[in-house]
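Trainee: I have a structure here, written as structure tokens, and I will follow up with some questions on it.
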Amino acid sequence: MVSIAGLFQMVTSRTKHVENEVHLRTEELNRLKNQLAEKNLSLQELIKLKNELLGMASHDMRNPLTSIQGYSGFLLKKGSSLKENTRTEFLKIINTASGTILDLVNDLLNLSIIESGELTLNLKLGSINELIKERIYLYTHLANEKKIMIKTKYQKIPEFSFDAPRIGQVLDNLITNAIKFSPIGGVIQISTQLSQEYLHVYVIDEGPGIKNEELEKLFKPF
């Protein structure tokens, strides 16, 4: 009986030890499973972010590419009949537009931007009015095709530090959308106004506007 009791106790002890080992292994597996799930979720978020950045970059590339195509096509058709200074201005526009595309491509190649979800701002002293004039001139041919008049009113604004390529992308989208949705023969008004510590840039067109049910989509991708 003593031997049987001792054997039973030994078996029971070993069983508890095995159960504890199983419990510990199970907890470890659950922890690894949770870690894997978190990493998968993080990976999915990075993939989504990458796709959004690719989509936005592709969208922003269309505007300067349209300018390059439009002005280069005009030069090919009527370049010989244009004055030298006009041809030079067209070439400057093409050069500026190609530089914008190069900046966008460099952003896509910078994996740290995709991983962090943040774009590094390159702040430099400059004139916002001059940047707006440059971006308007870039898309003048689009406005001319629809007989759209672009009226401007600039308030005198001192130079300040901003990221010209980034603000240029914003202006490109506002101006090309205004041209796209304006009726033929319409008028687009672009102005700047300094109010206390804020600078306001207005791009007003005669298009149909944004539907009320779509207003909540503003400032989201696409």
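The rows are residues; the columns are (1) of a type in the set (Val, Ile, Thr); (2) open to solvent by less than 30 Å² (accessible area, probe 1.4 Å); (3) not in a loop (DSSP other than H, G, I, E, B).
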| site | (1), (2), (3) |
| --- | --- |
| Glu130 | no, no, yes |
| Ala143 | no, yes, yes |
| Thr152 | yes, no, yes |
| Gln155 | no, no, no |
| Pro158 | no, no, no |
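Trainee: Then there is this: Assuming Tyr139 fulfils every condition listed in (1) modelled with pLDDT under 90; (2) open to solvent by 30 Å² or more (accessible area, probe 1.4 Å) apart from one, which condition is it?
Mentor: Checking Tyr139 against (1) modelled with pLDDT under 90; (2) open to solvent by 30 Å² or more (accessible area, probe 1.4 Å), the one that fails is (2).
Trainee: Do the conditions hold for Leu218, that is, is it exposed (fewer than 13 other Cβ atoms within 10 Å of the Cβ) and of a type outside the set (D, E, K, R)?
Mentor: Details: exposed (fewer than 13 other Cβ atoms within 10 Å of the Cβ): yes; of a type outside the set (D, E, K, R): yes.
So Leu218 passes the test.
Trainee: Which members of segment 175-222 meet the condition of being in a strand (DSSP E or B) and in contact (Cβ under 8 Å) with a residue 60 or more places away in the chain?
Mentor: Taking segment 175-222 first, the residues in a strand (DSSP E or B) are 187-195, 198-204.
Selection gives Thr192, Leu199, Val201.
Trainee: Something else now. Looking only at segment 100-132, filter to residues that are among the charged types (D, E, K, R) and out of contact with any Phe, Trp or Tyr (no Cβ under 8 Å at 6 or more places or on another chain); which one of those is modelled with the highest pLDDT?
Mentor: Just the residues of segment 100-132 that are among the charged types (D, E, K, R), to begin with: 103, 107, 115, 118, 124, 130.
Next cut, out of contact with any Phe, Trp or Tyr (no Cβ under 8 Å at 6 or more places or on another chain) only: 103, 107, 115, 118, 130.
Values: Asp103: 76, Asp107: 69, Glu115: 61, Glu118: 67, Glu130: 95.
Only one residue fits best here, namely Glu130.
Trainee: Out of the residues in segment 160-169 that are assigned to a helix (DSSP H, G or I) and modelled with pLDDT of 90 or more, state the one that is most open to solvent (accessible area, probe 1.4 Å).
Mentor: First, the residues of segment 160-169 that are assigned to a helix (DSSP H, G or I): 164-169.
Those still in the list that are modelled with pLDDT of 90 or more too: 164, 167-168.
Working: Ala164: 40, Ile167: 62, Gly168: 3 Å².
The residue in question is Ile167.
Trainee: Within the set of pairs 6 or more residues apart or between chains, which connect a residue that is closer than 15 Å to Ile93 by Cα inside segment 54-68 to a residue that is among the polar types (S, T, N, Q) and surrounded by 13 or more Cβ atoms within 10 Å (Cβ to Cβ) with Cβ atoms less than 6 Å apart?
Mentor: Asn63/Thr176; Pro64/Thr100
Trainee: Test Lys16 against the stated conditions and say whether it is surrounded by fewer than 15 Cβ atoms within 10 Å (Cβ to Cβ) and either more than 24 Å from Arg135 (Cα to Cα) or at pLDDT below 70 (or both). Steps first, please.
Mentor: On the way: surrounded by fewer than 15 Cβ atoms within 10 Å (Cβ to Cβ): yes; either more than 24 Å from Arg135 (Cα to Cα) or at pLDDT below 70 (or both): yes.
Considered against the rule, which asks whether it is surrounded by fewer than 15 Cβ atoms within 10 Å (Cβ to Cβ) and either more than 24 Å from Arg135 (Cα to Cα) or at pLDDT below 70 (or both), Lys16 comes out as yes.
The values are calculated or read from the model by the stated rules, or taken from the named source; none is laboratory data. Given the structure is predicted, the values throughout are model-derived calculations rather than measurements. A quick note on method: Cβ atoms are made from the backbone with ideal geometry, for glycine too, and the neighbour counts reach across all protein chains shown. Accessible surface areas use protein heavy atoms only, side chains included; no ligands, DNA or RNA. Shrake-Rupley method; radii C 1.70, N 1.55, O 1.52, S 1.80 Å.
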